[in-house]
Structure formats: structure tokens, C-alpha cells
Amino acid sequence: MSERDDLLAAIGAIEAQKNVLGQAAVDAATGPLRVRLAALAEAAAPPVREAERKQITVMFADLSGFTTLSETADAEDVRNLINACFERLGAVATGRGGYIDKFIGDELMVLFGAPQAMEDHASRALLAALEMREALVVFNTEHAALRSKPLGMHFGINSGLVIAGGMGLEARREYTVMGDPVNVAARLAAQAPTGAIFVGADTRRLVGSGFAFDPRGA
């Protein structure tokens with residue numbers, strides 16, 4: 001296991017003992033681990049480069065259920081759950097070669113095929129979505145607050161040609177992608193019901209017979 005995997009495992013083990021240790025002790029124990037995890041992520045970030053055209057697959061993974069949970073749970077507890085959940089799901093996505101582009105509220109945007117090119121980016125994205133869905137089921141069972149009101153997840157995945165590179169202010173540019181495939185992936189995620197993985201036609205074509213699909217129409 002890598003140092004990142006070791007840190008994620010340690011954080012998960014400590015979080016699982018929250019009912020025994022108390023939130024203050026959990027925060028104190030996981031704080032330094034999260035700082036080290038952030039440092040590793042920063043060190044692994046791709047260098048900001050000139051824009052280039054790349055064939056990639058984009059995933060939007062949208063969590064649902066936190067709003068309902070927020071109505072009855074303490075705000076700090078909800079924040080800690082969100083962070084722990086994204087740690088778990090992010091580890092699955094990166095384990096399949098995904099690059100976490102950004103977090104948008106309760107939504108996660110992941111790139112496959114950028115910044116590092118890969119021929120099987122579409123298949124990796126679909127495998128990651130299936131594994132993330134399974135990981136969320138396990139996460140729900142591990143947290144008492146989620147057993148009666150489990151979190152859900154829905155996905156939009158699409159492939160195509162995008163512009164990739166550093167974007168933003170000249171003094172602070174971050175690596176990301178732009179293009180119609182990104183917009184379509186976001187729309188697919190918005191249309192997908194909880195538990196569903198909506199996939200664009202180009203992604204479906206790229207993966208061939210490796211996965212089973214149900215047609216949804218235009």
C-alpha cells in the first residue's frame with residue numbers, strides 16, 4: 001500500500017471509533033493525518049501547462065441525502081461525514097486512475113485520461129463508478145447516523161475531446177478541462193435518479209461489450 005492508502009485506512013479506522021472516542025478525540029487524532037494527506041495531494045498535482053486537446057472521460061458523481069441529514073444532525077457532524085465520505089469515494093476513483101478535478105458542493109468531478117493519457121479511460125470511469133456505488137453502501141452501514149437515512153449517489157459519465165490545461169487567474173491557475181463532453185456529463189448526472197449511472201453514447205461505444213447497458217432514449 002502507498003502512504004496515501006495507509007493514511008486513508010488510518011483515518012477510516014479512527015472515524016469508525018467515533019462513538020467510543022468522541023468527536024473531539026477523533027478530530028485530534030485525524031487532524032495531522034489529514035494535513036499529511038493534503039500535502040501528498042498537493043505534491044502529486046499536475047504542473048500547470050499550456051492548453052492541449054485530449055480525448056478523455058469525465059465523471060460527475062453527485063451525493064444525495066446530506067440535506068435531509070442536516071435537518072436533524074449537528075452541522076459539524078454533517079461536515080465530518082461529508083469529508084469522510086469524499087475521502088472514501090475519492091480513494092476509489094483515484095485507485096482506478098482518476099484525477100479529482102474539483103468538488104462542487106455535494107458533487108465530485110473526476111477525469112480519466114487527463115492529465116495522464118490512458119487508452120482505457122472510459123472503462124476505468126465505469127469501473128470506478130460501480131466501485132464507488134458499492135463503497136457508499138459500506139460507508140452507510142459503518143455510520144449509525146446513516147443507517148436509517150442512507151446517502152445515495154448518481155452519476156453522469158461522458159467521453160470526448162476537451163481542452164485541458166491551466167485555467168483561472170494568471171497568478172493562480174489550476175489544471176482542469178473544458179468542452180461539450182464535460183457539459184453533457186454534468187447534464188447526465190443531473191438527470192440520473194439515485195443509484196443510476198447515466199452514460200453518454202461515446203462512452204458506450206468506447207467500452208464495447210465489456211459492460212451491460214439499458215437504453216434511455218434521446
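Brief remarks follow.
- The lone exception for Arg173 - which of (1) out of contact with any helix residue (DSSP H, G or I) (no Cβ under 9 Å at 6 or more places or on another chain); (2) under 30 Å from Val20 (Cβ atoms) it fails: (2)
- All of Asp202, Asp180 fail the test of being surrounded by 11 or more Cβ atoms within 10 Å (Cβ to Cβ), under 16 Å from His121 (Cα atoms), touching a Gly at 6+ places or on another chain (Cβ under 8 Å) and acidic (Asp, Glu), apart from Asp202.
- All of Thr94, Thr68, Thr72, Thr57 fail the test of being of a type in the set (Ser, Thr, Tyr) and touching a Ser or Thr at 6+ places or on another chain (Cβ under 7 Å), apart from Thr57.
- Number of positions in the range 65-79 that are of a type in the set (D, E, K, R), more than 16 Å from Val26 (Cα to Cα) and not in a loop (DSSP other than H, G, I, E, B): 0
- Candidates Arg204, Arg147, filtered to the one that is more than 30 Å from Leu69 (Cβ to Cβ), out of contact with any Ser or Thr (no Cβ under 6 Å at 6 or more places or on another chain), without any contact (Cβ under 8 Å) to a residue 24 or more places away in the chain and among the basic types (Lys, Arg): Arg204
- Just one residue in the set Asp62, Asp77, Asp6 is modelled with pLDDT of 70 or more, surrounded by 15 or more Cβ atoms within 10 Å (Cβ to Cβ), among the charged types (D, E, K, R) and more than 25 Å from Asn158 (Cβ to Cβ); that residue is Asp77.
- Cβ-Cβ under 9 Å pairs, at least 6 apart or on other chains, the range 99-127 side open to solvent by less than 70 Å² (accessible area, probe 1.4 Å) and of a type in the set (Phe, Trp, Tyr), far side modelled with pLDDT under 95 and assigned to a strand (DSSP E or B): Tyr99/Tyr175; Phe112/Tyr99
- For the range 15-55, the tally of residues that are within 24 Å of Leu111 (Cα to Cα), assigned to a loop (DSSP other than H, G, I, E, B) and at pLDDT 70 or above stands at 1.
The values are calculated or read from the model by the stated rules, or taken from the named source; none is laboratory data. Here the structure is a predicted model, which is why all the values come from computation and not from measurement. Cβ atoms come from the backbone with ideal geometry, glycine included; neighbour counts cover every protein chain shown. The protein model used for the area step is the full one, side chains on, heavy atoms only, and it has no ligands, DNA or RNA in it. Shrake-Rupley method; radii C 1.70, N 1.55, O 1.52, S 1.80 Å.
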